[in-house]
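Colleague: To start, I am sharing the structure in question, which I have written as C-alpha cells.
The values are calculated or read from the model by the stated rules, or taken from the named source; none is laboratory data. Predicted model only: the values in this text are computed from it and were never measured. Cβ coordinates were reconstructed from backbone atoms using ideal geometry, including for glycine residues, and neighbour counts include every protein chain displayed.
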Amino acid sequence: MNVTIYNRVSTDEQAATGLGLAAQVAACESFAAKAGHTVTACHTDAGISGAAGLEDRPGLMAAIAGLRRGDALVVAKRCRLGRDQMAILMIEKAVSRKGASILSADGIGNADDPASQFMKNVIDAASVYERGLIRSRTKAALAAKRRAGELAGEVPFGWMADDNGKLIEVADEQAILRIIGELRSAGVSLRKIAAILTESGHTTKKGNGVWSHTTVKSILDRAAALAA
C-alpha cells in the first residue's frame, strides 16, 4: 500500500507537550516499514491549531489531494488529525471521497470492527478535551505573568513596550487588529484574511508586506490571551 504521512503541531502543543514534528515523522515511517507500506509523500502543518478546518491547513490539503484509491493517510496519532470533532469528520469524508483510508501509527482505530471504531471515537473525544486543557493552562500561565507585571513573550501585535515592560497601544496596529477580528467574526478564513491584508498594503510588525495565515493566527491567539 502507498501511504502519505501527515504531521501537525500547534504552537501551544509544542510548548506544552514537546510533541515534535520529527518524532511524528519517525513514528509514521517506522509504522509504514513494519507494515510493508511505501511512503510516497510527507506533508506538514506547523503551528496550526487542531481546531482549524481544511481550508486553513495547506499541508493536509496537499496530502489529501495526492491520495489515490487504495492509498492511506498516516498520522502518528489520531489527535494529529485535529482536536475538533467536526473538523475530524470533514477530514475523514475528504479522505473517503478519494477512495483512501486513515491509519494511525499507534494502531488505534485502524480496524473496522466495533471495538476499534469505539476506541477511535474515544480518542477523538479525548483530543478535544486535551485541547481545552492545553488552552486553559496556557491562558493561566500568561495571566500569572501579567499579574506579576511581566511581559509574556514577545511584544504582541498592536502594542509596544516601554522601558518598564508596560504595554502601550500602537494606533495603526490596533486598527489592523480590529480588521482581523471583524473578518474572523464574519467567518473569513485565515488565508483569506492574510490575502486581504496583503492586498490592502498593510504590513506586519516586522515590516513585511506579505501576510501569511500563520501570522494572522498568531496575532489572534495573542490577542485572545491578552483579553483573558
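Colleague: Can you pull out every residue in segment 99-130 that is at pLDDT 80 or above and either of a type in the set (A, V, I, L, M) or surrounded by 16 or more Cβ atoms within 10 Å (Cβ to Cβ) (or both)?
Modeller: 100, 101, 102, 103, 104, 105, 108, 110
Colleague: Here's another thing I want to ask about it. Would you check if residue 190 is among the aliphatic types (A, V, I, L, M) and touching a residue at least 40 places away in the same chain (Cβ under 8 Å)?
Modeller: The answer is yes for residue 190.
Colleague: Among (1) within 25 Å of residue 51 (Cα to Cα); (2) modelled with pLDDT under 70, where does residue 149 come up short?
Modeller: (1) is the only condition that residue 149 fails.
Colleague: Follow-up question, since we're still on this one. Kindly check whether there is at least one residue in segment 64-77 that is part of a helix (DSSP H, G or I), hydrophobic (A, V, I, L, M, F, W, C) and buried (at least 16 other Cβ atoms within 10 Å of the Cβ).
Modeller: Yes: one or more hits.
Colleague: Let me ask something else about it. Taking residue 43 as meeting all but one of (1) buried (at least 18 other Cβ atoms within 10 Å of the Cβ); (2) farther than 27 Å from residue 218 by Cα; (3) modelled with pLDDT of 95 or more, write down the number of the exception.
Modeller: (2)
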